[in-house]
Structures are given as structure tokens and as C-alpha cells.
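First up is the structure itself, then whatever we jot down about it.
The values are calculated or read from the model by the stated rules, or taken from the named source; none is laboratory data. What you are looking at is a predicted structure, and each value in this text was computed from that prediction instead of being measured. Cβ atoms come from the backbone with ideal geometry, glycine included; neighbour counts cover every protein chain shown.
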Amino acid sequence: MMNPQLRAIVRGMPKAELHIHIEGSLEPELIFALAERNGVPLGYESVEHLRSAYAFTDLQSFLDIYYAGASVLLKEQDFYDMTQAYLRRAEADNVLHTEIFFDPQTHTARGVAIADVINGIHRACQDSPVSAALILCFLRHLSEEEAFETLEDALPHRDKFIGIGLDSSEVGNPPEKFLRVFARCRELGLHLVAHAGEEGPPAYIRTALDDLKVERIDHGVRCLEDAELTARLAREQIALTVCPLSNTKLRVFDQMHDHNLVQLLDAGLLVTVNSDDPAYFGGYMNDNFDAIFDALPLGLSHAQRLARNGFIAAFLPQAQKDAFLATVDAYFAQHAAAHGIAQ
Ligand code: ADE
Ligand code: ZN
């Protein structure tokens, strides 16, 4: 277990979160409240029954429950309430900046207007003291044509999102399936990211970079199986948005002790720590930091590096990044000295 001083410093340090699916922040209590408010039948009789179904064996077993949970979201206010709840939790964990994924196709398939999805999430971001931006994700188990339709649908709201991502069932749906739609998004000046190398092979990380031209890799933990790819990720300082509790809950690693985060850092990679789907995987940002610092040989200098990496990898103007980085460095200068810990 981590020493209590280090724990307090890590919990209090300024953070950026770059990999959070807003639908994955929907807590069972809110799922039940929204189901009742909207008259949506749920296949679970209580919050406890629903929570006890959160025992996953792999990514797909999680996605099935995640999409079922999202079925209670119908109105703009539902998206607002969900996002407001997440932002309050993020703020409590000292997240100063967050880039939030959302999955419009999960909702438009149920007849929800994309305007209600985007406006609800965006309005909550505007009302929060946390700096927040949105990244629209295409569901990779659907076709590229459907991704194009979703993009068209979203374009009237172009000012409310900064980027495009790719999520859902990875294996069998390689990045190159979305080559043309990502090229179009690039022309539109959107930032690009993709989930790759979570359950899928290192080859998917390569095609995400070479074919989709993404700027960050979501997860990417399987890169270490390919030394040449790892060297490239280090050389080009391509950020990996790693999600430790997600990785153990979805059995990418059996236990946190087996997680490769330290090896990723030792390989010189721009590793960030994130919560992915906090309502489903056992916690928000500080729960993720507690878990890795408890299980892995990490110290104060790793904490500062991880906090800095989150802001370095953020899609923010350089001046804003520099201001956040100065806040991180000032925090560590002050707390390390106050606790008598050598930096
Ligand atoms: N959608 C929500 N969480 C996801 C994850 N970890 N991987 C792929 N798709 C997701
Ligand atoms: Zn994810």
C-alpha cells in the first residue's frame, strides 16, 4: 500500500482526464431514476441487482450492459444530468480539464435527436467550473456509411465538439474500416483519436496512426508486444490514454499488479491515466490513481510525470497547456517540500 502522504499528494494533484465515455459515468442510481422519469422498463428489479451484473469477462460482456444502461437516456435534460454528475465527481478528484467522449449512435438508434444528445452534454460542460471539451465517437461495430451519416447529422453542432474518436467492439473492426470518414473529419479540422490495442493487436495501433492519422491512442497497452511500434510511439511522443481499472475489470490484465503501466513509462511513452467508464469499473480518476499507486512501484516523480502528461496530451492551445503545467509544477514544488519528500 502506498504511504498516506504520497496518497494525499496524488489525490490532490491537478489532473486532466482524456478518456472518459460520458455514458460510462451513468451510475446505477441515476439509471434507475431516469428509467422511472422516462417510463423505460429495465430488466433489473433494483440498483443492487443491476450493480451485481457488473461482472465482466471481456470488452463485449461490458458493452452489452453499457448499451442497456444508456437506454434510459431520452431527453436533453437526461444528458445534462448525467454530464453534470460526472463533472462534479471529476471536480472532486481535482480534474481541471477533461475531454469527454460521447456515442451519438447509441442514442440516435433509439430515435433520440442528436441535437438533444449534444446540447444536453454541452450545456452541462458550460455550467461547470471544470474545463471540458467533447469528442464524438463512432461505434466501430457499425458501418463506415453509418459513421458518415452521424457526421452529417452532427455538423450543425460542429462548434460544440473538438474531435472524433472510435470505440466499441475492437477485435474484427480494425481502424482502417473508417479510413474515409476519418479523412473527412481531418479535412474539417477535427482532432482525431481511436481506441486501439486494448483487446486488439498492435497492428491496430499502427493502422490507427498510419491510416486514420490519429493524434492519440486510447488504451494502446498492447503496444509493448511490438518493439518497433513502442519505439515509434516513444519517439513521436504519441499519448496513450491508459485506463487501469478498466483494464483489470475487462481482464486485459488479471490484476493491477500485472498491469504494464510502469513498463510503458520506462519505455519513454507519454502515458496518461484515465477512468474510461467510471460507473462500471469501480471508480473515477482518484480511484484509478489509488489503484496503480497501491499495486505498482510508483513514487512522487511518477505522480508528477503522469499529472504533466495529461495536460501535455490535451487538445488545448499551448498557452493554456503551459498554464496548467505551471500549476502542476507549483503544486509539486509546494507539497513535496511541505511533506519533506525529495523531488
Ligand atoms: N465504449 C465504452 N468504453 C469502451 C472501451 N473501454 N472500449 C471500447 N469501447 C468502449
Ligand atoms: Zn474507452
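Among what's in segment 97-115 and is among the aliphatic types (A, V, I, L, M) and in contact with a helix residue (DSSP H, G or I) (Cβ under 6 Å, 6 or more places away or on another chain), pick the residue that is nearest to Cys137 (Cα to Cα).
Ile100
Of the residues making up segment 244-288, just one is farther than 22 Å from Leu233 by Cα and in contact with a His (Cβ under 6 Å, 6 or more places away or on another chain), namely Asp277.
Checked against the criterion of being within 16 Å of ligand 1 (Cβ to nearest atom), in contact with a His (Cβ under 9 Å, 6 or more places away or on another chain), free of Cβ contacts under 8 Å to residues at least 60 places away in the same chain and under 28 Å from Asn119 (Cβ atoms), segment 60-70 contains one or more residues that satisfy it. Under the condition of being in a loop (DSSP other than H, G, I, E, B) and in contact with a helix residue (DSSP H, G or I) (Cβ under 6 Å, 6 or more places away or on another chain), the residues counted in segment 74-93 number 2. Within segment 332-343, residues that are under 17 Å from Leu306 (Cβ atoms) sit with their Cβ atoms under 7 Å from residues that are at pLDDT below 80 and loosely packed, with under 13 Cβ neighbours inside 10 Å, at 6+ positions apart or across chains, in these pairs: Phe332/Gln343; Ala336/Gln343.
Taking strands (runs of 3 or more DSSP E) as the structural unit, those lying wholly within segment 148-220 and holding at least 2 residues that are within 16 Å of ligand 2 (Cβ to nearest atom) and either out of contact with any strand residue (DSSP E or B) (no Cβ under 9 Å at 6 or more places or on another chain) or among the hydrophobic types (A, V, I, L, M, F, W, C) (or both) correspond to 163-167, 191-196.
For segment 258-288, the set of residues classified as among the small types (Gly, Ala, Ser) and either in contact (Cβ under 8 Å) with a residue 60 or more places away in the chain or within 13 Å of ligand 2 (Cβ to nearest atom) (or both) consists of Ser275, Ala279, listed by residue number. Since Tyr80 meets every condition but one in (1) modelled with pLDDT under 95; (2) surrounded by 15 or more Cβ atoms within 10 Å (Cβ to Cβ); (3) farther than 27 Å from Asn247 by Cβ, which condition does it not meet? In the conditions (1) modelled with pLDDT under 95; (2) surrounded by 15 or more Cβ atoms within 10 Å (Cβ to Cβ); (3) farther than 27 Å from Asn247 by Cβ, Tyr80 misses (1) alone.
Does Ala239 satisfy being small (Gly, Ala, Ser), closer than 25 Å to Ser25 by Cβ and either surrounded by 21 or more Cβ atoms within 10 Å (Cβ to Cβ) or within 16 Å of ligand 2 (Cβ to nearest atom) (or both)? Taking the combined requirement at face value, the residue satisfies it. Scanning segment 2-10 for residues that are within 20 Å of the chain's Cα centre (by Cα), within 21 Å of Val242 (Cβ to Cβ) and within 16 Å of ligand 2 (Cβ to nearest atom) turns up nothing. Considering Ala194, Ala132, which residue is surrounded by 20 or more Cβ atoms within 10 Å (Cβ to Cβ), under 22 Å from Val273 (Cβ atoms) and away from ligand 1 (no atom under 14 Å from the Cβ)? Exactly one of Ala194, Ala132 is surrounded by 20 or more Cβ atoms within 10 Å (Cβ to Cβ), under 22 Å from Val273 (Cβ atoms) and away from ligand 1 (no atom under 14 Å from the Cβ), namely Ala132. Taking the numbered list (1) over 20 Å from the mean Cα position of the chain (by Cα); (2) assigned to a helix (DSSP H, G or I) in turn, Asp254 passes all entries but (2).
Within segment 64-122, the set of residues being of a type in the set (Gly, Ala, Ser) and at positive phi comprises just one member, Gly111. Cβ-Cβ distances below 7 Å connect the following pairs, each with a first residue in segment 182-205 that is within 14 Å of Leu59 (Cα to Cα), a second residue that is aromatic (Phe, Trp, Tyr) and modelled with pLDDT of 95 or more, and a separation of six or more residues or different chains: Ala196/Tyr204; Gly197/Tyr204. For segment 94-109, a residue qualifies if it is of a type outside the set (S, T, N, Q), more than 20 Å from His157 (Cα to Cα) and outside any strand (DSSP E or B), but none of them does. Checking each residue in segment 262-290 for being within 16 Å of ligand 1 (Cβ to nearest atom), aliphatic (A, V, I, L, M) and closer than 17 Å to Met2 by Cβ picks out Val273, Met285. Every test in (1) under 25 Å from Asn288 (Cβ atoms); (2) assigned to a helix (DSSP H, G or I); (3) away from ligand 2 (no atom under 16 Å from the Cβ) is passed by Leu63 save one, and that test is (3).
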